[in-house]
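**Q** Structure in structure tokens, see below.
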Amino acid sequence: KVIAKAGRESITDGRMAASMITLFIIYNRSDLDETMRIVWGGANFNIRGIRREGHSPKFVTIEAERGVA
């Protein structure tokens, strides 16, 4: 499941920069960490946080941001 949360725009060095926060809910994987990124719909999303709830969760929620390095 993919949920768009928030977007923002800013001007950096005279150029417009936009970013988008998106939640990805996927089956739990133990090999995920914040150094990775998600490629979805041809766009790159940098992982900002991974939330696992409960002792042995079936799903994991990943907060990721598009448009920033």
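The values are calculated or read from the model by the stated rules, or taken from the named source; none is laboratory data. Only a predicted model underlies this, so the values are computations on that prediction, with no experimental measurement involved. Please note: Cβ atoms are built from the backbone with ideal geometry, for glycine as well, and neighbour counts cover all protein chains shown. Each accessible area value is taken on the protein alone, full model and side chains, heavy atoms only, with ligands, DNA and RNA left out. Shrake-Rupley method; radii C 1.70, N 1.55, O 1.52, S 1.80 Å.
**Q** Just the residues that are in a strand (DSSP E or B) and either in contact with a helix residue (DSSP H, G or I) (Cβ under 8 Å, 6 or more places away or on another chain) or open to solvent by less than 100 Å² (accessible area, probe 1.4 Å) (or both), please, taken from the range 22-36.
**A** T22, L23, F24, I25, I26 - these are the residues of the range 22-36 that are in a strand (DSSP E or B) and either in contact with a helix residue (DSSP H, G or I) (Cβ under 8 Å, 6 or more places away or on another chain) or open to solvent by less than 100 Å² (accessible area, probe 1.4 Å) (or both).
**Q** Tell me which residues, restricted to the range 18-61, are over 15 Å from A6 (Cβ atoms) and either of a type in the set (K, R) or in contact with a Gly (Cβ under 8 Å, 6 or more places away or on another chain) (or both).
**A** Hits for the range 18-61 are R29, E34, R37, R51, R52, K58.
**Q** Now a separate question. Could you grab me the full set of residues in the range 37-52 that are in contact with a strand residue (DSSP E or B) (Cβ under 8 Å, 6 or more places away or on another chain) and open to solvent by 70 Å² or more (accessible area, probe 1.4 Å)?
**A** R37, V39, W40, N44, R48, R51, R52
**Q** Could you check the range 10-21 and list, in sequence order, the residues that are at pLDDT below 90, on the phi < 0 side of the Ramachandran plot and open to solvent by less than 100 Å² (accessible area, probe 1.4 Å)?
**A** S10, T12, A17, A18, S19, M20
**Q** Got at least one residue in the range 25-32 being over 17 Å from E53 (Cβ atoms) and at pLDDT below 95?
**A** Checked against the condition, which is being over 17 Å from E53 (Cβ atoms) and at pLDDT below 95, the range 25-32 yields at least one hit.
**Q** Of the conditions (1) at pLDDT 75 or above; (2) open to solvent by 60 Å² or more (accessible area, probe 1.4 Å), A64 fails just one. Which one is it?
**A** Here A64 clears every test but (2).
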